[in-house]
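Working notes, structure below.
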Amino acid sequence: MNNKILIENLSLQYSDGTESLRGVSMGIRQNAVTVLFGPAGGGKSTLLRCLNRLNDLTEVRASSGQILIDGENILDPKVDVVALRRKVGMVFARPVPLPMSIRENVIYGLEMSGEKRKSKLDEAVERSLKLAAIWDEVKDRLNDPANALSGGQQQRVCLARVLALQPEIVLLDEPTSGLDPISTGKVEAALQELKKEYTVILVPHSVQQAARTADHAAFFLQGELIEYDDGKKMFTTPKEKKTEDYIMGRFG
Amino acid sequence: MEKSLSFREFIITRLIQASGYSAILFVALIFFFLLREGLPTLSEVETSSLLNVRWYPIESYFGIFPLITGSLIVTLGAALIAVPFGIGTAVYISEIAPRWMREILKPLVELLGGLPSVVLGFLGILIVSPFLRVFLDLPTGLTAFTGSLLLGGIAVPTVVSVAEDALDSVPRAYREGAWALGATKWQTIWRVTLPAARSGVLTAVMLGVGRAIGETMTVMMVTGNAPVLAVKLNSLFSPVRTMTATIAAEMGEVANGSTHYHVLFFIGMVLFLISLVVNVIASAVVFRAKKRAERILS
(Lines give C-alpha, C1' and ligand atoms only; values in the text may rest on other atoms or scores of the structure.)
Protein backbone atom coordinates (compact mmCIF):
# COMPACT_ATOMS: atom_id res chain seq x y z
CA MET A 1 0.00 0.00 0.00
CA ASN A 2 1.18 3.48 -0.70
CA ASN A 3 1.21 6.67 1.28
CA LYS A 4 -1.72 8.95 0.57
CA ILE A 5 -0.30 11.69 2.70
CA LEU A 6 3.31 12.47 3.45
CA ILE A 7 4.08 14.85 6.28
CA GLU A 8 7.62 16.17 6.26
CA ASN A 9 9.22 17.87 9.20
CA LEU A 10 6.07 19.81 10.09
CA SER A 11 6.40 22.37 12.90
CA LEU A 12 3.77 24.83 14.06
CA GLN A 13 3.10 27.15 16.94
CA TYR A 14 -0.07 29.03 17.83
CA SER A 15 0.22 32.69 18.82
CA ASP A 16 -1.20 32.08 22.27
CA GLY A 17 1.38 29.38 22.95
CA THR A 18 -1.10 26.50 23.32
CA GLU A 19 -0.34 23.26 21.55
CA SER A 20 2.25 23.00 18.89
CA LEU A 21 3.94 20.56 16.58
CA ARG A 22 7.66 19.95 16.50
CA GLY A 23 9.30 18.32 13.52
CA VAL A 24 6.61 15.78 12.77
CA SER A 25 7.27 13.46 9.85
CA MET A 26 5.03 10.57 8.93
CA GLY A 27 3.36 8.87 6.01
CA ILE A 28 -0.34 8.05 6.12
CA ARG A 29 -1.64 5.03 4.26
CA GLN A 30 -4.51 4.95 1.86
CA ASN A 31 -7.58 2.84 2.72
CA ALA A 32 -6.70 2.43 6.37
CA VAL A 33 -7.67 3.94 9.69
CA THR A 34 -4.75 5.89 11.08
CA VAL A 35 -5.17 6.88 14.69
CA LEU A 36 -3.43 9.87 16.28
CA PHE A 37 -3.52 9.49 20.05
CA GLY A 38 -1.93 10.85 23.17
CA PRO A 39 -2.73 13.20 26.07
CA ALA A 40 -4.39 16.56 25.52
CA GLY A 41 -2.26 19.36 24.12
CA GLY A 42 -0.14 16.88 22.18
CA GLY A 43 -0.82 18.42 18.79
CA LYS A 44 -3.19 15.79 17.40
CA SER A 45 -6.00 18.19 16.54
CA THR A 46 -3.51 20.72 15.28
CA LEU A 47 -2.15 18.18 12.87
CA LEU A 48 -5.65 17.31 11.69
CA ARG A 49 -6.47 20.94 11.17
CA CYS A 50 -3.31 21.37 9.10
CA LEU A 51 -4.47 18.62 6.76
CA ASN A 52 -7.47 20.65 5.59
CA ARG A 53 -5.91 24.05 6.28
CA LEU A 54 -8.54 24.93 8.88
CA ASN A 55 -5.65 26.42 10.81
CA ASP A 56 -5.54 29.23 8.28
CA LEU A 57 -8.27 30.87 10.31
CA THR A 58 -6.52 30.70 13.65
CA GLU A 59 -3.63 32.81 14.72
CA VAL A 60 -0.53 30.81 13.93
CA ARG A 61 2.80 32.24 14.93
CA ALA A 62 5.12 30.14 12.87
CA SER A 63 5.00 27.05 10.75
CA SER A 64 7.44 25.15 8.62
CA GLY A 65 7.71 21.86 6.82
CA GLN A 66 5.33 20.48 4.25
CA ILE A 67 2.39 18.17 3.80
CA LEU A 68 2.11 16.28 0.53
CA ILE A 69 -1.24 14.85 -0.48
CA ASP A 70 -0.89 12.81 -3.65
CA GLY A 71 2.47 14.50 -4.07
CA GLU A 72 1.14 18.06 -3.90
CA ASN A 73 2.25 20.35 -1.07
CA ILE A 74 -1.04 21.58 0.38
CA LEU A 75 0.61 24.18 2.62
CA ASP A 76 1.58 26.11 -0.49
CA PRO A 77 -0.34 29.43 -0.34
CA LYS A 78 -1.34 28.95 -3.97
CA VAL A 79 -3.37 25.84 -3.19
CA ASP A 80 -7.14 26.23 -3.65
CA VAL A 81 -8.28 25.81 -0.06
CA VAL A 82 -11.94 25.34 -0.93
CA ALA A 83 -11.14 22.47 -3.30
CA LEU A 84 -8.78 21.01 -0.71
CA ARG A 85 -11.50 20.98 1.93
CA ARG A 86 -13.82 19.15 -0.42
CA LYS A 87 -11.16 16.52 -0.87
CA VAL A 88 -10.29 16.36 2.83
CA GLY A 89 -13.48 16.21 4.90
CA MET A 90 -13.60 16.74 8.65
CA VAL A 91 -15.88 15.69 11.50
CA PHE A 92 -15.61 17.59 14.77
CA ALA A 93 -15.76 16.57 18.42
CA ARG A 94 -19.05 18.30 19.09
CA PRO A 95 -21.57 17.58 16.39
CA VAL A 96 -22.42 20.89 14.77
CA PRO A 97 -25.45 20.38 12.59
CA LEU A 98 -26.01 23.61 10.72
CA PRO A 99 -29.28 25.34 11.60
CA MET A 100 -31.31 23.63 8.85
CA SER A 101 -32.99 20.30 8.08
CA ILE A 102 -31.27 16.91 7.98
CA ARG A 103 -31.46 16.77 4.21
CA GLU A 104 -30.17 20.32 3.82
CA ASN A 105 -27.30 19.54 6.14
CA VAL A 106 -26.24 16.57 4.08
CA ILE A 107 -26.44 18.34 0.73
CA TYR A 108 -25.00 21.60 2.01
CA GLY A 109 -21.48 20.95 0.80
CA LEU A 110 -22.67 19.68 -2.56
CA GLU A 111 -24.87 22.69 -3.09
CA MET A 112 -22.00 24.97 -2.22
CA SER A 113 -19.94 23.28 -4.89
CA GLY A 114 -22.66 24.03 -7.42
CA GLU A 115 -24.58 20.76 -7.68
CA LYS A 116 -28.25 21.54 -8.40
CA ARG A 117 -29.71 18.39 -9.93
CA LYS A 118 -32.25 16.96 -7.50
CA SER A 119 -31.64 13.36 -8.55
CA LYS A 120 -27.92 13.69 -7.79
CA LEU A 121 -28.64 15.32 -4.46
CA ASP A 122 -31.21 12.69 -3.43
CA GLU A 123 -28.81 9.98 -4.43
CA ALA A 124 -26.02 11.57 -2.38
CA VAL A 125 -28.31 11.94 0.64
CA GLU A 126 -29.22 8.28 0.64
CA ARG A 127 -25.75 6.98 -0.13
CA SER A 128 -23.97 9.05 2.50
CA LEU A 129 -26.58 8.55 5.22
CA LYS A 130 -26.32 4.81 4.63
CA LEU A 131 -22.53 4.93 4.79
CA ALA A 132 -22.76 6.84 8.06
CA ALA A 133 -25.09 4.15 9.42
CA ILE A 134 -28.02 6.45 10.12
CA TRP A 135 -30.22 6.08 7.04
CA ASP A 136 -32.71 3.76 8.73
CA GLU A 137 -33.17 6.12 11.64
CA VAL A 138 -33.86 9.29 9.65
CA LYS A 139 -35.12 8.24 6.23
CA ASP A 140 -38.71 9.15 7.11
CA ARG A 141 -37.95 12.58 8.48
CA LEU A 142 -35.30 14.08 6.29
CA ASN A 143 -36.97 17.48 6.47
CA ASP A 144 -36.92 17.71 10.26
CA PRO A 145 -34.41 20.12 11.75
CA ALA A 146 -31.11 18.37 12.39
CA ASN A 147 -30.94 20.03 15.80
CA ALA A 148 -33.83 17.86 16.96
CA LEU A 149 -31.81 14.64 16.65
CA SER A 150 -29.93 13.05 19.54
CA GLY A 151 -26.22 13.77 19.89
CA GLY A 152 -25.23 10.42 18.40
CA GLN A 153 -27.54 10.86 15.44
CA GLN A 154 -26.33 14.42 14.91
CA GLN A 155 -22.75 13.23 14.78
CA ARG A 156 -23.57 10.62 12.16
CA VAL A 157 -25.45 13.23 10.12
CA CYS A 158 -22.32 15.36 10.31
CA LEU A 159 -20.32 12.39 9.07
CA ALA A 160 -22.80 11.87 6.25
CA ARG A 161 -22.50 15.55 5.40
CA VAL A 162 -18.79 15.09 4.88
CA LEU A 163 -19.20 11.85 2.94
CA ALA A 164 -21.74 13.43 0.59
CA LEU A 165 -18.89 15.40 -0.93
CA GLN A 166 -17.09 12.14 -1.75
CA PRO A 167 -13.83 13.26 -0.23
CA GLU A 168 -10.69 11.17 -0.49
CA ILE A 169 -9.63 11.66 3.08
CA VAL A 170 -11.86 11.83 6.18
CA LEU A 171 -10.55 13.49 9.32
CA LEU A 172 -12.34 12.84 12.60
CA ASP A 173 -11.48 14.85 15.71
CA GLU A 174 -12.74 12.91 18.75
CA PRO A 175 -16.01 12.22 16.94
CA THR A 176 -17.43 10.13 19.77
CA SER A 177 -16.40 12.18 22.79
CA GLY A 178 -19.97 13.14 23.62
CA LEU A 179 -21.67 9.92 22.59
CA ASP A 180 -23.06 6.94 24.47
CA PRO A 181 -21.46 3.50 23.92
CA ILE A 182 -24.09 2.36 21.45
CA SER A 183 -23.73 5.39 19.20
CA THR A 184 -19.96 5.15 19.58
CA GLY A 185 -20.12 1.54 18.41
CA LYS A 186 -22.11 2.59 15.36
CA VAL A 187 -19.65 5.31 14.43
CA GLU A 188 -16.70 2.95 14.90
CA ALA A 189 -18.36 0.32 12.75
CA ALA A 190 -18.98 2.95 10.10
CA LEU A 191 -15.28 3.78 10.13
CA GLN A 192 -14.37 0.22 9.25
CA GLU A 193 -16.69 0.48 6.25
CA LEU A 194 -15.33 3.86 5.30
CA LYS A 195 -11.74 2.78 5.04
CA LYS A 196 -12.61 0.58 2.07
CA GLU A 197 -13.15 3.74 0.06
CA TYR A 198 -11.41 6.49 1.93
CA THR A 199 -8.30 7.30 3.87
CA VAL A 200 -9.45 7.74 7.46
CA ILE A 201 -7.55 9.68 10.11
CA LEU A 202 -9.02 9.56 13.60
CA VAL A 203 -8.19 11.31 16.83
CA PRO A 204 -9.87 8.94 19.29
CA HIS A 205 -11.23 10.08 22.60
CA SER A 206 -9.64 7.25 24.56
CA VAL A 207 -6.75 4.82 24.34
CA GLN A 208 -9.24 1.97 24.24
CA GLN A 209 -10.89 3.41 21.19
CA ALA A 210 -7.50 3.87 19.60
CA ALA A 211 -6.73 0.19 20.20
CA ARG A 212 -10.12 -0.90 18.85
CA THR A 213 -10.01 1.04 15.63
CA ALA A 214 -6.38 1.53 14.60
CA ASP A 215 -4.78 -0.03 11.56
CA HIS A 216 -1.89 2.31 12.19
CA ALA A 217 -1.30 4.34 15.31
CA ALA A 218 0.77 7.40 16.05
CA PHE A 219 1.51 8.48 19.62
CA PHE A 220 1.88 12.21 20.18
CA LEU A 221 3.27 13.82 23.30
CA GLN A 222 3.66 17.58 23.64
CA GLY A 223 3.89 18.24 19.94
CA GLU A 224 6.25 15.40 19.12
CA LEU A 225 5.59 12.17 17.33
CA ILE A 226 6.93 9.59 19.79
CA GLU A 227 6.06 6.40 18.03
CA TYR A 228 4.34 5.40 14.81
CA ASP A 229 3.60 1.81 14.01
CA ASP A 230 1.12 -0.83 13.05
CA GLY A 231 -1.89 -0.63 15.34
CA LYS A 232 -1.71 -4.16 16.70
CA LYS A 233 1.98 -3.93 17.47
CA MET A 234 1.63 -0.54 19.10
CA PHE A 235 -0.98 -1.64 21.58
CA THR A 236 0.61 -4.98 22.46
CA THR A 237 4.33 -4.37 22.28
CA PRO A 238 5.13 -0.68 22.10
CA LYS A 239 8.78 0.12 21.49
CA GLU A 240 9.01 3.34 23.47
CA LYS A 241 8.78 3.47 27.25
CA LYS A 242 6.60 6.60 27.12
CA THR A 243 4.10 4.96 24.80
CA GLU A 244 3.89 1.93 27.04
CA ASP A 245 3.38 4.08 30.13
CA TYR A 246 0.59 6.00 28.43
CA ILE A 247 -1.15 2.92 27.10
CA MET A 248 -0.93 1.28 30.51
CA GLY A 249 -2.41 4.38 32.08
CA ARG A 250 0.63 5.35 34.15
CA PHE A 251 0.20 8.97 33.08
CA GLY A 252 -2.16 11.04 30.99
CA MET B 1 -25.07 44.70 67.08
CA GLU B 2 -26.82 42.03 65.18
CA LYS B 3 -30.07 43.84 65.34
CA SER B 4 -28.65 47.06 63.89
CA LEU B 5 -27.07 45.04 61.08
CA SER B 6 -30.31 43.41 60.12
CA PHE B 7 -32.04 46.78 60.35
CA ARG B 8 -29.52 48.21 57.91
CA GLU B 9 -30.10 45.29 55.57
CA PHE B 10 -33.80 45.96 55.80
CA ILE B 11 -33.41 49.65 54.94
CA ILE B 12 -31.10 49.01 52.00
CA THR B 13 -33.31 46.29 50.60
CA ARG B 14 -36.35 48.54 50.87
CA LEU B 15 -34.53 51.46 49.22
CA ILE B 16 -33.53 49.34 46.26
CA GLN B 17 -37.03 47.97 46.06
CA ALA B 18 -38.49 51.47 46.13
CA SER B 19 -36.27 52.71 43.32
CA GLY B 20 -37.22 49.66 41.29
CA TYR B 21 -40.91 50.26 41.80
CA SER B 22 -40.58 53.99 41.13
CA ALA B 23 -39.38 53.30 37.60
CA ILE B 24 -42.60 51.40 36.94
CA LEU B 25 -44.55 54.12 38.68
CA PHE B 26 -43.07 56.86 36.51
CA VAL B 27 -43.87 55.01 33.32
CA ALA B 28 -47.39 54.38 34.55
CA LEU B 29 -47.79 58.07 35.44
CA ILE B 30 -46.54 59.20 32.06
CA PHE B 31 -48.93 56.81 30.40
CA PHE B 32 -51.79 58.00 32.55
CA PHE B 33 -50.99 61.65 31.80
CA LEU B 34 -50.83 60.88 28.09
CA LEU B 35 -54.22 59.21 28.23
CA ARG B 36 -55.79 61.97 30.33
CA GLU B 37 -54.63 64.68 27.94
CA GLY B 38 -55.08 62.75 24.73
CA LEU B 39 -58.34 60.88 25.14
CA PRO B 40 -60.63 63.98 25.25
CA THR B 41 -59.74 64.33 21.56
CA LEU B 42 -62.14 61.53 20.77
CA SER B 43 -65.10 63.48 22.15
CA GLU B 44 -63.97 66.88 20.88
CA VAL B 45 -63.08 65.93 17.34
CA GLU B 46 -65.07 63.57 15.19
CA THR B 47 -63.29 60.42 14.13
CA SER B 48 -63.93 61.14 10.47
CA SER B 49 -62.33 64.52 10.90
CA LEU B 50 -59.30 62.94 12.62
CA LEU B 51 -58.78 60.60 9.72
CA ASN B 52 -59.10 63.47 7.28
CA VAL B 53 -56.24 64.49 5.08
CA ARG B 54 -56.02 68.09 6.22
CA TRP B 55 -53.93 69.20 9.16
CA TYR B 56 -54.68 72.85 9.72
CA PRO B 57 -55.31 73.22 13.45
CA ILE B 58 -55.93 76.98 13.40
CA GLU B 59 -59.09 76.38 11.37
CA SER B 60 -59.94 73.25 13.27
CA TYR B 61 -58.82 70.76 10.66
CA PHE B 62 -57.28 68.01 12.70
CA GLY B 63 -56.60 65.31 10.12
CA ILE B 64 -53.66 63.38 11.52
CA PHE B 65 -53.52 61.04 8.54
CA PRO B 66 -50.84 63.04 6.65
CA LEU B 67 -48.70 63.09 9.79
CA ILE B 68 -48.92 59.32 10.20
CA THR B 69 -48.08 58.70 6.55
CA GLY B 70 -45.29 61.27 6.85
CA SER B 71 -43.77 59.41 9.75
CA LEU B 72 -44.20 56.06 8.04
CA ILE B 73 -42.65 57.10 4.75
CA VAL B 74 -39.66 58.71 6.42
CA THR B 75 -39.18 55.70 8.69
CA LEU B 76 -39.61 53.23 5.86
CA GLY B 77 -37.04 55.07 3.81
CA ALA B 78 -34.70 55.19 6.78
CA ALA B 79 -35.13 51.45 7.33
CA LEU B 80 -34.42 50.72 3.67
CA ILE B 81 -31.17 52.61 4.04
CA ALA B 82 -30.17 51.55 7.54
CA VAL B 83 -30.90 47.83 7.31
CA PRO B 84 -28.69 46.84 4.36
CA PHE B 85 -25.94 49.21 5.41
CA GLY B 86 -26.15 48.27 9.06
CA ILE B 87 -26.15 44.52 8.47
CA GLY B 88 -23.46 44.84 5.85
CA THR B 89 -21.25 46.77 8.23
CA ALA B 90 -21.95 44.30 11.03
CA VAL B 91 -21.00 41.38 8.78
CA TYR B 92 -17.85 43.17 7.73
CA ILE B 93 -16.82 43.96 11.30
CA SER B 94 -17.62 40.55 12.71
CA GLU B 95 -16.70 38.23 9.84
CA ILE B 96 -14.34 39.82 7.40
CA ALA B 97 -12.34 42.66 8.92
CA PRO B 98 -8.91 41.81 10.32
CA ARG B 99 -8.59 42.24 14.04
CA TRP B 100 -6.94 45.70 14.03
CA MET B 101 -9.66 47.01 11.72
CA ARG B 102 -12.36 45.62 13.98
CA GLU B 103 -10.81 47.35 16.96
CA ILE B 104 -10.96 50.70 15.17
CA LEU B 105 -14.41 50.27 13.66
CA LYS B 106 -16.34 49.04 16.68
CA PRO B 107 -15.71 52.06 18.95
CA LEU B 108 -16.11 54.35 15.95
CA VAL B 109 -19.59 53.00 15.25
CA GLU B 110 -20.55 53.38 18.88
CA LEU B 111 -19.24 56.95 18.86
CA LEU B 112 -21.42 57.64 15.84
CA GLY B 113 -24.38 56.35 17.81
CA GLY B 114 -23.82 59.07 20.37
CA LEU B 115 -23.88 61.89 17.82
CA PRO B 116 -26.56 64.42 18.86
CA SER B 117 -29.34 64.37 16.29
CA VAL B 118 -29.42 68.16 16.09
CA VAL B 119 -25.88 68.11 14.75
CA LEU B 120 -26.94 65.68 12.09
CA GLY B 121 -29.89 67.94 11.26
CA PHE B 122 -27.42 70.75 10.83
CA LEU B 123 -25.43 68.76 8.33
CA GLY B 124 -28.69 67.89 6.66
CA ILE B 125 -29.75 71.48 6.17
CA LEU B 126 -26.37 72.77 5.11
CA ILE B 127 -25.04 69.93 2.97
CA VAL B 128 -27.45 67.10 2.20
CA SER B 129 -30.52 69.09 1.25
CA PRO B 130 -28.86 71.62 -1.09
CA PHE B 131 -27.00 68.74 -2.69
CA LEU B 132 -30.20 66.77 -3.23
CA ARG B 133 -32.01 69.82 -4.59
CA VAL B 134 -29.37 70.33 -7.27
CA PHE B 135 -28.64 66.67 -7.90
CA LEU B 136 -32.25 65.51 -8.25
CA ASP B 137 -33.47 68.83 -9.64
CA LEU B 138 -36.17 69.32 -6.99
CA PRO B 139 -37.97 72.54 -6.03
CA THR B 140 -36.67 72.06 -2.48
CA GLY B 141 -34.13 69.81 -0.85
CA LEU B 142 -36.18 69.51 2.33
CA THR B 143 -37.97 66.27 1.54
CA ALA B 144 -38.96 62.96 3.07
CA PHE B 145 -35.97 61.43 1.33
CA THR B 146 -33.59 63.85 3.03
CA GLY B 147 -35.10 62.86 6.35
CA SER B 148 -34.80 59.18 5.44
CA LEU B 149 -31.15 59.57 4.57
CA LEU B 150 -30.30 61.24 7.84
CA LEU B 151 -32.51 59.00 9.96
CA GLY B 152 -30.90 56.05 8.24
CA GLY B 153 -27.60 57.47 9.37
CA ILE B 154 -28.91 57.72 12.90
CA ALA B 155 -30.25 54.17 12.91
CA VAL B 156 -27.18 52.55 11.35
CA PRO B 157 -25.05 52.52 14.52
CA THR B 158 -27.89 50.88 16.48
CA VAL B 159 -28.37 48.23 13.81
CA VAL B 160 -24.63 47.64 13.49
CA SER B 161 -23.85 47.22 17.15
CA VAL B 162 -26.79 44.91 17.94
CA ALA B 163 -26.37 42.85 14.76
CA GLU B 164 -22.64 42.60 15.32
CA ASP B 165 -23.20 41.21 18.81
CA ALA B 166 -25.61 38.66 17.38
CA LEU B 167 -23.17 37.54 14.69
CA ASP B 168 -20.39 37.41 17.23
CA SER B 169 -22.33 35.02 19.43
CA VAL B 170 -22.78 32.46 16.65
CA PRO B 171 -20.64 29.53 17.74
CA ARG B 172 -17.32 29.34 15.95
CA ALA B 173 -18.06 25.66 15.38
CA TYR B 174 -20.82 26.55 12.89
CA ARG B 175 -18.39 28.45 10.75
CA GLU B 176 -15.72 25.79 10.99
CA GLY B 177 -18.29 23.16 10.08
CA ALA B 178 -19.17 25.06 6.93
CA TRP B 179 -15.56 25.84 6.05
CA ALA B 180 -14.58 22.23 6.50
CA LEU B 181 -17.21 21.32 3.93
CA GLY B 182 -15.53 23.55 1.44
CA ALA B 183 -17.87 26.52 1.72
CA THR B 184 -16.31 29.84 0.80
CA LYS B 185 -16.28 32.73 3.23
CA TRP B 186 -19.28 34.36 1.55
CA GLN B 187 -21.26 31.10 1.39
CA THR B 188 -20.62 30.57 5.07
CA ILE B 189 -21.82 34.07 5.95
CA TRP B 190 -24.90 33.94 3.78
CA ARG B 191 -26.05 30.39 4.42
CA VAL B 192 -24.83 29.68 7.95
CA THR B 193 -23.76 32.62 10.07
CA LEU B 194 -26.55 35.04 9.16
CA PRO B 195 -29.37 32.47 9.48
CA ALA B 196 -27.95 31.34 12.81
CA ALA B 197 -27.95 34.93 14.06
CA ARG B 198 -31.34 35.61 12.49
CA SER B 199 -33.21 36.55 15.63
CA GLY B 200 -30.49 38.89 16.85
CA VAL B 201 -30.31 40.54 13.47
CA LEU B 202 -34.09 40.97 13.47
CA THR B 203 -33.89 42.60 16.88
CA ALA B 204 -31.26 44.94 15.50
CA VAL B 205 -33.59 45.92 12.67
CA MET B 206 -36.49 46.48 15.07
CA LEU B 207 -34.42 48.62 17.42
CA GLY B 208 -33.11 50.59 14.46
CA VAL B 209 -36.64 51.22 13.20
CA GLY B 210 -37.74 52.17 16.71
CA ARG B 211 -34.89 54.63 16.92
CA ALA B 212 -35.87 56.14 13.56
CA ILE B 213 -39.59 56.49 14.23
CA GLY B 214 -39.08 58.30 17.54
CA GLU B 215 -36.47 60.69 16.19
CA THR B 216 -37.62 64.32 16.25
CA MET B 217 -35.00 66.96 15.86
CA THR B 218 -33.40 65.86 12.62
CA VAL B 219 -36.66 65.25 10.80
CA MET B 220 -38.04 68.56 11.97
CA MET B 221 -35.01 70.28 10.50
CA VAL B 222 -34.86 68.57 7.14
CA THR B 223 -38.24 67.24 6.00
CA GLY B 224 -39.81 70.59 5.21
CA ASN B 225 -42.74 70.06 7.62
CA ALA B 226 -45.56 70.28 5.09
CA PRO B 227 -48.49 68.20 6.30
CA VAL B 228 -49.22 66.66 2.93
CA LEU B 229 -50.60 63.19 2.49
CA ALA B 230 -47.64 61.03 1.50
CA VAL B 231 -49.08 58.13 -0.42
CA LYS B 232 -47.97 58.84 -3.96
CA LEU B 233 -44.76 57.43 -5.38
CA ASN B 234 -43.08 60.79 -5.63
CA SER B 235 -44.04 61.70 -2.07
CA LEU B 236 -40.60 60.53 -1.06
CA PHE B 237 -39.15 63.50 -2.87
CA SER B 238 -41.52 66.14 -1.58
CA PRO B 239 -41.77 67.73 1.86
CA VAL B 240 -43.64 65.83 4.56
CA ARG B 241 -44.31 66.35 8.25
CA THR B 242 -43.89 63.64 10.81
CA MET B 243 -45.83 63.10 14.04
CA THR B 244 -42.79 63.82 16.19
CA ALA B 245 -41.98 67.05 14.41
CA THR B 246 -45.60 68.22 14.72
CA ILE B 247 -45.63 67.72 18.46
CA ALA B 248 -42.25 69.37 18.91
CA ALA B 249 -43.11 72.35 16.73
CA GLU B 250 -46.63 73.06 17.96
CA MET B 251 -46.70 72.04 21.59
CA GLY B 252 -45.00 75.24 22.71
CA GLU B 253 -47.55 77.52 21.09
CA VAL B 254 -50.80 75.82 21.87
CA ALA B 255 -53.32 76.97 24.47
CA ASN B 256 -53.34 74.64 27.44
CA GLY B 257 -56.48 72.48 27.44
CA SER B 258 -57.64 73.44 23.95
CA THR B 259 -58.69 70.92 21.34
CA HIS B 260 -55.45 71.41 19.44
CA TYR B 261 -53.58 70.65 22.68
CA HIS B 262 -55.53 67.45 23.18
CA VAL B 263 -54.98 66.36 19.60
CA LEU B 264 -51.23 66.79 19.99
CA PHE B 265 -51.36 64.44 22.96
CA PHE B 266 -53.47 62.09 20.92
CA ILE B 267 -50.70 62.03 18.30
CA GLY B 268 -48.32 61.21 21.14
CA MET B 269 -50.52 58.25 22.01
CA VAL B 270 -50.45 57.00 18.44
CA LEU B 271 -46.67 57.32 18.42
CA PHE B 272 -46.47 55.51 21.71
CA LEU B 273 -48.64 52.72 20.34
CA ILE B 274 -46.50 52.33 17.23
CA SER B 275 -43.24 52.11 19.13
CA LEU B 276 -44.89 49.77 21.63
CA VAL B 277 -45.85 47.43 18.80
CA VAL B 278 -42.33 47.56 17.35
CA ASN B 279 -40.84 46.85 20.77
CA VAL B 280 -43.21 44.01 21.53
CA ILE B 281 -42.41 42.36 18.22
CA ALA B 282 -38.71 42.84 18.88
CA SER B 283 -38.84 41.32 22.34
CA ALA B 284 -41.06 38.48 21.18
CA VAL B 285 -38.39 37.63 18.65
CA VAL B 286 -35.67 37.85 21.29
CA PHE B 287 -37.71 35.71 23.65
CA ARG B 288 -38.06 33.01 21.03
CA ALA B 289 -34.35 33.14 20.37
CA LYS B 290 -33.62 32.78 24.09
CA LYS B 291 -35.81 29.75 24.37
CA ARG B 292 -34.01 28.18 21.47
CA ALA B 293 -30.63 28.98 22.96
CA GLU B 294 -31.68 27.35 26.23
CA ARG B 295 -32.75 24.25 24.40
CA ILE B 296 -29.45 23.97 22.62
CA LEU B 297 -27.44 24.53 25.78
CA SER B 298 -29.37 22.05 27.88
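Here residue A:143 clears all of (1) surrounded by fewer than 20 Cβ atoms within 10 Å (Cβ to Cβ); (2) within 11 Å of another protein chain (Cβ to nearest Cβ); (3) in contact with a strand residue (DSSP E or B) (Cβ under 6 Å, 6 or more places away or on another chain) except the condition numbered (2).
Scanning region A:113-129 for residues that are more than 16 Å from residue A:162 (Cβ to Cβ) and not in a helix (DSSP H, G or I), we see that the one that is nearest to the other protein chains (Cβ to nearest Cβ) is A:114. The number of residues in region A:60-79 that are on the phi < 0 side of the Ramachandran plot, part of a strand (DSSP E or B) and not hydrophobic (A, V, I, L, M, F, W, C) comes to 6. Close Cβ contacts (under 9 Å, 6 or more residues apart or on different chains) running from residues in region A:221-238 that are closer than 17 Å to residue A:33 by Cα to residues that are open to solvent by 90 Å² or more (accessible area, probe 1.4 Å) comprise A:227/A:239; A:227/A:242; A:229/A:239; A:233/A:239.
When residue B:164 is tested against (1) within 14 Å of chain A (Cβ to nearest Cβ); (2) crowded, with 24+ Cβ neighbours inside 10 Å; (3) among the acidic types (Asp, Glu), exactly one condition is not met: (1).
Applying the selection to region A:27-52, what residues are part of a strand (DSSP E or B) and either open to solvent by 10 Å² or more (accessible area, probe 1.4 Å) or free of Cβ contacts under 8 Å to residues at least 40 places away in the same chain (or both)?
Quick first cut of region A:27-52, residues part of a strand (DSSP E or B) only: A:27-29, A:33-37.
A:27, A:29, listed by residue number.
The set of residues from region A:87-130 being open to solvent by 20 Å² or more (accessible area, probe 1.4 Å) and among the aromatic types (Phe, Trp, Tyr) comprises just one member, A:92.
Residues that are open to solvent by 10 Å² or more (accessible area, probe 1.4 Å) and more than 7 Å from chain A (Cβ to nearest Cβ) were ranked within region B:172-188; the one that is nearest to residue B:124 (Cα to Cα) is B:186.
Applying the set (1) more than 14 Å from every other protein chain (Cβ to nearest Cβ); (2) within 27 Å of residue A:135 (Cα to Cα); (3) in contact with a Phe, Trp or Tyr (Cβ under 9 Å, 6 or more places away or on another chain) to residue A:43 leaves exactly one unmet item: (2). Scan region A:201-252 for residues that are closer than 26 Å to residue A:9 by Cβ, out of contact with any strand residue (DSSP E or B) (no Cβ under 7 Å at 6 or more places or on another chain) and basic (Lys, Arg) and the total you get is 2. Can you tell me which residues in region B:202-247 are under 21 Å from residue B:114 (Cβ atoms) and not β-branched (Val, Ile, Thr)? B:204, B:206, B:207, B:208, B:210, B:211, B:212, B:214, B:215, B:217, B:220, B:221, listed by residue number. Condition check: of a type in the set (Gly, Ala, Ser), assigned to a helix (DSSP H, G or I) and either farther than 17 Å from residue B:204 by Cβ or touching a residue at least 24 places away in the same chain (Cβ under 8 Å) (or both). Does residue B:141 satisfy that? Here the answer is no, as residue B:141 does not meet what is asked.
The values are calculated or read from the model by the stated rules, or taken from the named source; none is laboratory data. Only a predicted model underlies this, so the values are computations on that prediction, with no experimental measurement involved. Cβ atoms come from the backbone with ideal geometry, glycine included; neighbour counts cover every protein chain shown. These area figures cover heavy atoms from the full protein model, side chains too; ligands, DNA and RNA do not enter into them. Shrake-Rupley method; radii C 1.70, N 1.55, O 1.52, S 1.80 Å.
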